[in-house]
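**Q** I have a structure here, written as structure tokens, and I will follow up with some questions on it.
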Amino acid sequence: MCINDKNRRGFLKTAAAAGVAAAGVQALAAPGTAQARESTSRFGGKVALTNVRVFDGNELTTPRTVVIENGRIGVSAFGARRIDCKGAVLLPGLIDAHLHLQDVSTLQQLARFGVTTGLDMACFPPSVIDALRRRPGLTDIRSAGTPAVAPGSPQSRLPTFPANGVVTGPEQALPFVRARIAEGSDYIKVIIDVPGLSPETVRALTSAAHSAGRLVMAHATTAATIEQALAADVDMVHHVPLDSPLSPAVAARYAAGGTVAVPTLTMMEGFAGLGVPGWDYAAAEGSVAALHRAGARILVGTDANHTPGIPVQPEFGVSLHHELELLVGAGLTALEALRAATSLPARSFGLRDRGVILPGYRADLLLIDGDPLADIRTTRNIQRVWAGGIEYSPAT
């Protein structure tokens, strides 16, 4: 999907006025050429990482050996090429639970920063996502494809937005969900904004998606639209409000109903910095603090995008490390922040082969210098990255 120069200025104005409403739709370019550096012959051979401390989801272990074999975590180091990690820390590959893919270069940038799984929250046409799936040595992806939007919304006015993504009422919910599944969408995304989908339509979309075995992601950026998302029983609410912090009662509804929060503080920080009256980053940070106190599940998501016309464009990969820091600033411990970028998104999205370092799991790994449980900023001290067992040069 492309936004040309002619409509860029108008789209920018609309996007700013609507908060992050239009950030859920990504401009696309032709795929580039992957430049992964394989540490073994494709998935053949073995590598043994010796003298490495492992983040096991709760603590850092004493130095041990981790084996990479055929793109997975192996068991035996017999016959492996050995790499002495000299006491460095090994993390599971990081997972960004909210971004907008563009082309192969975005996968490369994610992998270089240790983000080995990217969960796209709007991208079309389907052929673009299809071209980015299952690329050995690159960040592994899932996608919502085309989101459900309301007539008159910023997304619906984009010249290349698919017509069947505009949902006028509850009767269109089932056809919309069926169309997304036919295109290969891994979950369903609904945009709840003003103007936005009616409460009845959101409930119908959620029901149709759940009947088809799909999770529902709700884009909501105000206290009122978040309450609408909760009332519809969506699975995850993406973003937190900039107009007012979530109340303890609303935060408790997340926890009681099992609704997952993806605050995207990096994006909210950027929009709060635009100087729009009534937008305050303190509201977003306070919302995360309230969710944390209530015991709601919080995931790391950045809203990284290269969408023309969007005034805030977090960079792929590096923004996840910033998001970790912002979450810690909002009250999460470093341990909780690391879980929010590894095991929790894997569990929340049903990705059963990643998020922890165990035999048989994908060899998605990030080797860093320093103790991230003592200082979350050390996740930036990248020594080596493996995406599905294939090593990348560290980001600089």
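**Q** Criterion first (of a type outside the set (Val, Ile, Thr), part of a helix (DSSP H, G or I), touching a helix residue (DSSP H, G or I) at 6+ places or on another chain (Cβ under 8 Å) and in contact (Cβ under 8 Å) with a residue 12 or more places away in the chain) does LEU324 satisfy it?
**A** Taking the combined requirement at face value, the residue satisfies it.
**Q** Just for segment 157-183: of the residues that are of a type in the set (Gly, Ala, Ser) and open to solvent by less than 30 Å² (accessible area, probe 1.4 Å), which one is farthest from ALA208 (Cα to Cα)?
**A** For segment 157-183, the residue satisfying everything is GLY165.
**Q** Go through segment 344-396 and count every residue that is among the basic types (Lys, Arg) and either part of a strand (DSSP E or B) or without any contact (Cβ under 8 Å) to a residue 40 or more places away in the chain (or both).
**A** Residues flagged as among the basic types (Lys, Arg) and either part of a strand (DSSP E or B) or without any contact (Cβ under 8 Å) to a residue 40 or more places away in the chain (or both) within segment 344-396 amount to 4.
**Q** Then there's this: Could you please find all residues in segment 105-128 being over 13 Å from ASP303 (Cβ atoms), modelled with pLDDT of 95 or more and hydrophobic (A, V, I, L, M, F, W, C)?
**A** LEU107, LEU110, ALA111, PHE113, VAL115
**Q** Still on this structure: Is it the case, given these coordinates, that GLY79 is open to solvent by less than 70 Å² (accessible area, probe 1.4 Å) and small (Gly, Ala, Ser)?
**A** In short, no.
**Q** Within segment 188-223, which residues are under 22 Å from the mean Cα position of the chain (by Cα) and surrounded by fewer than 22 Cβ atoms within 10 Å (Cβ to Cβ)?
**A** Within segment 188-223, HIS210, GLY213, ARG214, LEU215, THR222, ALA223 qualify.
**Q** Inside segment 365-387, can you point out the residues that are touching a strand residue (DSSP E or B) at 6+ places or on another chain (Cβ under 9 Å) and either at pLDDT below 95 or open to solvent by 10 Å² or more (accessible area, probe 1.4 Å) (or both)?
**A** ASP369, GLY370, ASP371, LEU373, THR378, ARG380, ASN381, ILE382, GLN383, ARG384
**Q** All but one of (1) modelled with pLDDT under 95; (2) farther than 17 Å from LEU99 by Cα hold for THR221, so report the exception by its number.
**A** Every listed condition holds for THR221 apart from (2).
**Q** Would you confirm whether or not segment 140-156 contains a residue that is β-branched (Val, Ile, Thr), open to solvent by 10 Å² or more (accessible area, probe 1.4 Å) and either free of Cβ contacts under 8 Å to residues at least 12 places away in the same chain or outside any strand (DSSP E or B) (or both)?
**A** no
**Q** Looking only at residues in segment 66-76 that are open to solvent by less than 20 Å² (accessible area, probe 1.4 Å) and among the aliphatic types (A, V, I, L, M), which one is nearest to the chain's Cα centre (by Cα)?
**A** ILE73
**Q** Only one of these is over 27 Å from ALA204 (Cα atoms) and in contact with a helix residue (DSSP H, G or I) (Cβ under 9 Å, 6 or more places away or on another chain): ALA179, ALA131, ALA111, ALA122. Name it.
**A** ALA131
**Q** Any residue that is within 19 Å of GLN313 (Cα to Cα), open to solvent by 50 Å² or more (accessible area, probe 1.4 Å) and more than 15 Å from the chain's Cα centre (by Cα) - is there at least one of those in segment 110-132?
**A** Yes, because at least one residue in segment 110-132 is within 19 Å of GLN313 (Cα to Cα), open to solvent by 50 Å² or more (accessible area, probe 1.4 Å) and more than 15 Å from the chain's Cα centre (by Cα).
**Q** Of all residues in segment 327-359, which are among the hydrophobic types (A, V, I, L, M, F, W, C), surrounded by fewer than 24 Cβ atoms within 10 Å (Cβ to Cβ) and over 24 Å from LEU138 (Cα atoms)?
**A** Matches in segment 327-359: VAL328, ALA330, LEU332, ALA334, LEU335.
The values are calculated or read from the model by the stated rules, or taken from the named source; none is laboratory data. Since the model is a prediction, treat every value here as computed from it, not as a measurement. All Cβ positions, glycine included, derive from the backbone under ideal geometry; neighbour counts span all protein chains shown. Heads up: the accessible areas ignore ligands, DNA and RNA and are worked out on the full protein's heavy atoms, side chains in. Shrake-Rupley method; radii C 1.70, N 1.55, O 1.52, S 1.80 Å.
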